[in-house]
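**Q** The structure's right below; bear with me while I get my questions together.
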Amino acid sequence: MPKFRERNISRTLTVKEVEYLKTIFRLSSGRKAVGSLEVAEAMGVSCATASEALKRLYDKGMLERTPWRGVNLSEAGIREVDRVIRNHRVFETYVYRFLSINLEEACDCARRIELYLPKEVVDSMCNIMGHPEKCPHNECIPRGEGCCLKRQQ
Ligand SMILES: [Zn+2]
Ligand SMILES: [Zn+2]
């Protein structure tokens, strides 16, 4: 069941919207809420544009709102960011390791397709590489449900 929900979510979000989620994720580390002005500044858009995007993401269940303080990621929002980060890092690690493509290019390519990679493909890449914990940038690769996690049990 969670698998199905995960796929559903990814189909309903645009590249821009996921960009917002990642920004909120970054801004909110260790904090309860992020103000829309802050999000607007980080995204380089006007406050009105940011507010509209935040409202859309709230309507899609990706955000939680705290009155007078701002927004934070909902559980579904966190799951989506996690999925996209995992896709990015598994893909770039694979491309870098096996296809002799330099890291900068691998990262750039990953950024363009990170939203659309099917779970089966990412898990398969992860499996072939022996479930690496870090990408070549030395960032942690989120564990995959039924992939790295299943293995540890
Ligand atoms: Zn990267
Ligand atoms: Zn894995």
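The numbers here are math on the coordinates, done by the rules we state, and not lab data. Here the structure is a predicted model, which is why all the values come from computation and not from measurement.
**Q** Return the Rg/Rh ratio of the stretch 82-141 with Cα-based radii and a Kirkwood Rh. Numbers along the way, then the final one.
**A** Values: Rg = 10.0 Å, Rh = 11.0 Å.
Using Cα coordinates only, the ratio equals 0.91.
**Q** Let me ask something else about it. Using only Cα atoms, what is the ratio of the radius of gyration of the chain to 2.2 N^0.38 Å?
**A** 1.09
**Q** For the stretch 121-126, what does the Karplus curve 6.51 cos²θ - 1.76 cosθ + 1.60, with θ = phi - 60°, yield as ³J(HN,Hα) per residue in whole Hz, taken in order and with x for Gly and Pro?
**A** Whole-Hz 3J(HN,Hα) from phi for the stretch 121-126: 5, 5, 4, 5, 4, 4.
**Q** Right, next: Ignoring solvent entirely, what values of log10 I(q)/I(0) come out of the Debye formula for the stretch 2-73 at 0.15, 0.18 Å⁻¹ when each Cα is a single scatterer?
**A** -0.46, -0.66
**Q** With the cut-off at 24 Å, tell me which of the pairs Lys16/Lys119; Lys32/Lys134; Lys16/Lys55; Lys55/Lys119; Lys32/Lys60 have Cα atoms farther apart than that.
**A** In this structure, Lys32/Lys134; Lys55/Lys119 lie more than 24 Å apart at Cα.
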